[in-house]
Each structure stands twice: as structure tokens, then as C-alpha cells.
Amino acid sequence: MTVTPTLQAPPFSGPITKPQQGEAVKKWQQRMKDRGWHIKVDGIYGEESERLCKNFQAEKKLQVTGIVDETTWNKTWTAPSTLAPPFPGRVLKQPPVMEGPDVRAWQEQVSKRGWPIKVDGRYGEQSEKICRQFQQEHSLEPDGRVGRNTWTNTWVETV
């Protein structure tokens, strides 16, 4: 029987706050990117990193501070992936422009994970463009359609 080892966080070297730069920031950003979050790995903890940290903390039910404290640091490596809500039963695509709560839910999740998308509940050209970018970054077929696989991957992280 093969046992899969549990991933452990590298040693914590102190809280990461804005505006901070360095290798610890870069390591945290890279891990977030590896988990599937859309973040620039530049070693600078600015507005984008703080926003995604808050989103991660909220998603993992941690205290939402925007500070990568020891708990957040460790959970970045060890927290289980979030489960996707049930697939809505229709592929989100255009044309024609599709609208509805399922479109809004997908847009909200994509936005939380770092993509610059307008959350308006309308699946039009901008949503399709972001969908294709998301699919390319996650090694999915970039067809611009939110089918079951893209839907699930919008919530699920690589852990």
C-alpha cells in the first residue's frame, strides 16, 4: 500500500504585510499560483496579494486580515481544496449573451481567485475572454465555454 505524504509548509519567517517584498512573499505567491489562484509572482506584497490573501482566508474560514500570518502561511500549503457547487446543468457560453445566477456565481468565483472580470451576471464577450484565459492557465481546452470541467476547476485548487 502506498501512502501519499502530506504536504508541509516551509518554515514561517514572520508575518507578510503590505508593503513588503522578498523571497517569503515570492514563495507565498508561487504557492497560491500553484494552487490555481491568478496572482503575479513578483515578490511584492501589494494590493493584489492582500486582496487574494483576504479571499483565501475567507474561503478557508480563517480570520480575514489580509496578513499572511503563521496560520494563513501553513494553510496555503495544507488546506484542502474547496469543493465546487453543483454544475448548473447548462454550459455558459455566448452568443447569445447568457444571463442568470449561475453566470454571476461563476464570475464571482473567478473574480475572487484574481481574474479581472466584471461581475454582472451576463456571460458576454468579456466573460468568454476571461474564460479562455482561465482555461489556458489551467491546461483546459480554451473554448470559452463554462462546461462541467471548467466550472469545477473554477473552485477546485491544486493542493
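Once you keep just the Cα pairs under 8 angstrom separated by 6 or more residues, what percentage relative contact order results for the chain?
23
Choose one of I44, Q136, P85: the residue whose Cα lies farthest towards the positive end of the charge dipole of the chain (beta-carbon charges +1 Lys, Arg; -1 Asp, Glu; about the Cα centre).
P85
In whole Hz and in residue order, list the ³J(HN,Hα) couplings for the range 68-80 that follow from phi through the Karplus curve 6.51 cos²θ - 1.76 cosθ + 1.60, θ = phi - 60°; x for Gly and Pro.
These are the phi-based 3J(HN,Hα) values: 7, 8, 4, 5, 4, 4, 5, 5, 4, 9, 10, 5, x Hz.
Let me know the whole percent of all Cα-Cα pairs from the range 20-78 that are separated by more than 13 Å.
Of the Cα pairs, 54 percent sit more than 13 Å apart.
How much of the calculated P(r) for the range 50-138 lies past 22 Å, in percent of all Cα pairs?
Taking all Cα-Cα pairs of the range 50-138, the fraction more than 22 Å apart is 36 percent.
Can you run phi through the Karplus equation (6.51, -1.76, 1.60; θ = phi - 60°) for the range 9-19 and list ³J(HN,Hα) in whole Hz, with x for Gly and Pro?
6, x, x, 7, 10, x, x, 10, 9, 7, x
Less than 9 Å Cβ to Cβ from V97, Lys/Arg counted +1 and Asp/Glu -1: what total charge do the surrounding residues give?
-1
Would you give the gap between the C-alpha center of the range 83-136 and the C-alpha center of the range 1-68, rounded to a whole Å?
Here the two parts' Cα centres lie 25 Å apart.
I'd like the FRET efficiency for H138 and S13, computed as 1/(1 + (r/R0)^6) with the beta carbon distance as r and R0 of 35 Å, rounded to 0.05.
In this case the efficiency is close to 0.70.
Within 10 Å of each candidate Cβ there may be at most 13 other Cβ atoms; applying that plus a DSSP loop requirement, which trypsin sites (Lys or Arg not before Pro) in the range 106-159 survive?
Answer by residue number: K118.
Ratio of Rg to Rh for the chain, alpha carbon only, Kirkwood?
My calculation puts Rg/Rh at 1.00.
Around E157, which amide H atoms from residues at least 5 apart in sequence, or from another chain, sit under 5 Å from its own amide H, with H modelled in the peptide plane?
T82
Order of L7, L62, L52 from fewest to most other C-beta atoms within 10 Å?
Result, fewest neighbours first: L7, L62, L52.
Values in this text are rule-based calculations from the coordinates and carry no lab data. For clarity, every value in this text was computed on a predicted model and none was experimentally measured. Cβ coordinates were reconstructed from backbone atoms using ideal geometry, including for glycine residues, and neighbour counts include every protein chain displayed.
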